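*Asks:* I have a structure I would like to understand better, so I am pasting it below and will then ask my questions one at a time.
Values quoted throughout were computed directly from the atomic coordinates according to the rules given, and no laboratory measurement underlies them. Values in this document were obtained by computation on a predicted structure and should not be read as measured data. So basically every Cβ, Gly included, is an ideal-geometry build from the backbone, and we count neighbours across all protein chains shown.
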Amino acid sequence: MRFDLLPRPTKGDDGKPLLYARPSIGIKYTMRTLDEFCNRYRGMHKGQLASVFETFIEVAAIHMENGERIETPIGSFAPRLRLDGDYTDPKQVKSNNVSLAGIEFIPSKRFIEALSDRLEQGFLRKGEPAGTDQLRDPAQMDEALRKALLKRGYTTVNYFCYHSGLKYQTARRYLNSLCEGENPRLQKRKEGPTVHYFPVTSNA
């Protein structure tokens, strides 16, 4: 996972702002993209995942209007409230002083572990030097491609960037070059906004 470093409001002993890490968001997946993925690779009917989410929103809202917390496999949901001012005396607070601030989500241990299992390769700071010297070493590039294909049976440009150390445009050109010629090593397929690269010998 690539991440950015950003300054916090507080400062360290050297007088400089303390830093915090935040994921570098390159692509946002839509419900349609996730639904199509589940249809192709998880055996779900087309539109099924989207339908489940729509039903969940409706049913969860029915229960949360009473202040109830909803427990699910991915975590729990509950209404979050706010007051329209600062109060110290409960008698001063009327019903119209309270409003809905949003919905609190606490991820489940199972959900966190599922993501953690996907991060076995660790993290990479965005903006770290990424050269092209590795392109001159076929064995190094073959190993990077093997690692990128290992877990899911396909790779994306971003995922290959992580394993190869190449910049995005260079990595995309390299993957596309493997899809060309009389004996291509890869075949590409667009899934929503993302291009997936599969080995030509796979059954994908």
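*Asks:* Kindly flag which residue pairs out of 28/151; 109/151; 11/167 have an alpha-carbon separation exceeding 27 Å in this structure.
*Replies:* Values: 28/151 22 Å; 109/151 22 Å; 11/167 33 Å.
In this structure, 11/167 exceed 27 Å between Cα atoms.
*Asks:* Remind me, relative contact order of the stretch 129-199 in percent, using alpha carbon pairs under 8 angstrom and six or more residues apart?
*Replies:* 28 percent
*Asks:* Where in the stretch 1-103 are there trypsin sites (Lys or Arg not before Pro) that are in a DSSP coil and have at most 13 other Cβ atoms within 10 angstrom of their Cβ?
*Replies:* Here the sparse-neighbourhood loop sites are 28, 42, 46, 69, 94.
*Asks:* In whole percent, what relative contact order does the chain give with Cα contacts below 8 Å and a gap of six or more residues?
*Replies:* On the way: 234 pairs, mean separation 31.5, N = 204.
That works out to 15 percent.
*Asks:* Which of the following values of semi-axes √(5λ) of the Cα gyration tensor in Å was calculated from the structure shown: [x] 28, 21, 15; [y] 56, 18, 11; [z] 43, 27, 13?
*Replies:* It is the value labelled [z].
*Asks:* Are there GluC sites (Glu not before Pro) in the stretch 39-92 that DSSP marks as loop and that have at most 15 other Cβ atoms within 10 Å, and which are they?
*Replies:* Those satisfying the criteria are 65, 68.
*Asks:* Quick one: which residues, 5+ away or cross-chain, put their amide H under 5 Å from the amide H of residue 3? H built at 1.01 Å from N.
*Replies:* For residue 3, whose amide H was placed from the backbone, the distant partners under 5 Å are 24, 124, 125, 126.
*Asks:* Also: Counting other Cβ atoms within 10 Å, keep those with at most 11, restrict to DSSP loop, and tell me which GluC sites (Glu not before Pro) in the stretch 84-122 are left.
*Replies:* 120
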